[in-house]
1. Quick one: divide the alpha-carbon radius of gyration of segment 6-72 by 2.2 N^0.38 Å and tell me what you get.
2. Going by C-beta contacts inside 10 Å, put 34, 69 in order with the fewest on the left.
Amino acid sequence: MYWINFKEDLNRIRVLKVLKANVNQEVNAWDLSFNAKVLHYTQAVMELRKKGYVIENRTEHHWRTMHSFYKLVEEENNLTLD
């Protein structure tokens, strides 16, 4: 029997929507989490990368805090969810 985890699929779809809306632009981690309504956005990003999406990330250090940014790189055949 094939089991589908709909919550993880929904999280991945929500994160992808936010990244697609800002294709080739950086989205900070807080905005990604808030706009996609996903707390575990890093897991969704990892799953999207496994499916072939090119998602870059960058971090900045400001005093004692670290800020992360993600960017979906547009490429041919990179914008389908299959």
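1. Details: Rg = 11.5 Å, N = 67, 2.2 N^0.38 = 10.9 Å.
Against the compact-globule rule of thumb, the ratio is 1.06.
2. On the way: 34 13, 69 16.
The order, fewest Cβ neighbours first, is 34, 69.
Just so you know, all these numbers are worked out from the coordinates, no wet-lab data involved. What you are looking at is a predicted structure, and each value in this text was computed from that prediction instead of being measured. All Cβ positions, glycine included, derive from the backbone under ideal geometry; neighbour counts span all protein chains shown.
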